[in-house]
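In what follows, a single structure is set out as structure tokens and then discussed.
The values are calculated or read from the model by the stated rules, or taken from the named source; none is laboratory data. None of these values were measured; they are calculated from a predicted model. Glycine also receives a Cβ, built like all others from the backbone with ideal geometry; neighbour counts cover every protein chain displayed.
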Amino acid sequence: MLRVTSTILGTGLVLLTLALLLLFSQTPRPQALTLPLECPGGDCPLLQGAPQTAGMRSGFVRLKPGETVGWHTTGKNEESLVVLRGRGEARIEGQPIRAFAAPALVYIPPATRHNVVNIGNELLEYVYVVAPAQTP
């Protein structure tokens with residue numbers, strides 16, 4: 001009887017310990033925050049995904065005249081560019097070039113190879129927001 005009771009107690013303690021570890025090791029819920037738009041370089045992360053957010057990432061980009069971010073894709077994520085200053089082109093593979101000037105919003109669908117180019121004579125500044133896309 002004593003052996004059965006200590007086995008049950010030992011198993012219970014192990015389960016309790018595992019439950020507490022699981023409870024305290026889970027990623028905390030994202031909290032509201034504010035961030036200054038300061039960027040000494042060309043591309044500065046703002047939101048970096050979990051655990052800071054539920055999956056959204058964001059950054060502040062500054063391109064000098066003629067500069068480009070380079071061809072890339074955001075995979076299964078969709079992306080929006082909030083253009084704050086300057087003029088540019090969104091070059092989306094297989095589509096016509098899309099010229100834009102601040103203030104503007106550029107949307108890039110998931111799994112789309114694209115590039116952004118500063119075509120103006122001043123800095124091009126924008127905030128990008130990348131988030132997991134919902135599948136229909």
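Conditions tested, residue by residue: (1) out of contact with any His (no Cβ under 6 Å at 6 or more places or on another chain); (2) at pLDDT 90 or above; (3) not in a strand (DSSP E or B).
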{"site": "GLU38", "(1), (2), (3)": "yes, no, yes"}
{"site": "GLY41", "(1), (2), (3)": "yes, no, yes"}
{"site": "LEU46", "(1), (2), (3)": "yes, no, no"}
{"site": "PRO51", "(1), (2), (3)": "yes, no, yes"}
{"site": "LEU81", "(1), (2), (3)": "yes, yes, no"}
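Quick one: would you say GLU89 is on the phi < 0 side of the Ramachandran plot and at pLDDT 95 or above? Let's see the steps before the verdict.
On the way: on the phi < 0 side of the Ramachandran plot: yes; at pLDDT 95 or above: yes.
So GLU89 fits the description; yes.
If only residues of the stretch 79-113 that are under 16 Å from the mean Cα position of the chain (by Cα) and touching a residue at least 40 places away in the same chain (Cβ under 8 Å) are counted, the one that is farthest from GLY55 (Cα to Cα) is VAL82.
If I ask for residues that are of a type outside the set (Val, Ile, Thr) and not in a strand (DSSP E or B), which ones from the stretch 104-122 would you list? Result: PRO109, PRO110, ALA111, ARG113, GLY120, ASN121, GLU122.
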